[in-house]
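Since every read-out is calculated from the coordinates, none of them should be taken as a lab result. If you're wondering where the values come from, they're calculated on a predicted model, not measured in any experiment. Please note: Cβ atoms are built from the backbone with ideal geometry, for glycine as well, and neighbour counts cover all protein chains shown.
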Amino acid sequence: MSQSFDFAHAPGHLIRRAQQIAVSVFAERMSSFGVTPVQFAVLNALMDTPGIDQVTLSGQVAFDAATSGSVIGRLESKGWIRREADAKDRRRKLLWLTRQGERATLKMKPEVTLVQTQILDPLDADEQKRLMELLLKLVKAQSSN
């Protein structure tokens, strides 16, 4: 019988574990806000692109458009975003941060910055820079496929 696959050293497994750790750190630091990383990404993107349509926003935050409606619905129920049908195409939903949503997002930003710092903290400055370069290269290359 052959030896098992060395799963502990497989890139996919390590990326998944790193993602689990990142989400855990985010959840711990952001628990008082009650948001997920994807919800924050949506709020943050809406700060820069008010009135964007739901499908385009999903692409910007790299989240499945089919399930983004539930994420947006939760943010809408918190009173943080406003969703309206496009006057030219009623099927198309346009999104804006509410004033309350903008205030909440601005409060979250310093904590999210600390989350990023905490995630990279085990690495020295050169390792952090190199990891970010490699992650960007990997994501960019895989996204173009």
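Tell me which of 22, 39, 122 sits at the most positive position along the dipole axis of the stretch 8-143, charges placed on C-beta atoms (Lys, Arg +1; Asp, Glu -1).
39
How large are Rg and Dmax for the stretch 1-91 when only the alpha carbon atoms are used, in Å?
Over the stretch 1-91's Cα set, Rg and Dmax evaluate to 17.8, 65 Å.
Taking springs between alpha-carbon atoms closer than 10 angstrom, which of 134, 95, 43 fluctuates most in the Gaussian network model of the chain?
Highest fluctuation among the options: 134.
Mind checking which of 131, 141, 101 is farthest towards the positive end of the chain's charge dipole, using Cβ charges of +1 (Lys, Arg) and -1 (Asp, Glu) about the Cα centre?
101
Roughly how many debye, to the nearest 20, is the charge dipole of the stretch 102-145 about its Cα centre, given +1 on each Lys and Arg Cβ, -1 on each Asp and Glu Cβ, and no other charges?
260
When only Cα pairs under 8 Å and 6 or more residues apart are kept, what is the percent relative contact order across the chain?
The normalised contact order for the chain reaches 22 percent.
Would you work out the charge dipole size for the chain about its Cα centre, treating the Cβ of every Lys and Arg as +1 and the Cβ of every Asp and Glu as -1, and quote it to the nearest 20 debye?
Here the chain has a charge dipole of around 620 debye.
Under a 10 Å cutoff between Cα atoms, tell me which one of 50, 37, 122 has the largest fluctuation in the Gaussian network model of the chain.
Result for the chain, Cα springs under 10 Å: 122 fluctuates most.
What shape does the stretch 32-145 take by its C-alpha gyration tensor, where a ≥ b ≥ c are the square roots of the eigenvalues and a/c under 1.5 counts as rounded, a/b above b/c as prolate, and the rest as oblate?
oblate
Rounded to the nearest 0.05, what FRET efficiency do residue 13 and residue 117 have when you use their Cβ-Cβ distance and R0 = 22 Å?
Efficiency, from the Cβ-Cβ distance: 0.30.
Of the listed pairs 88/140; 109/137; 107/129; 88/137, which have alpha-carbon separations greater than 30 Å here?
Violating the 30 Å Cα-Cα cut-off are 88/140; 88/137.
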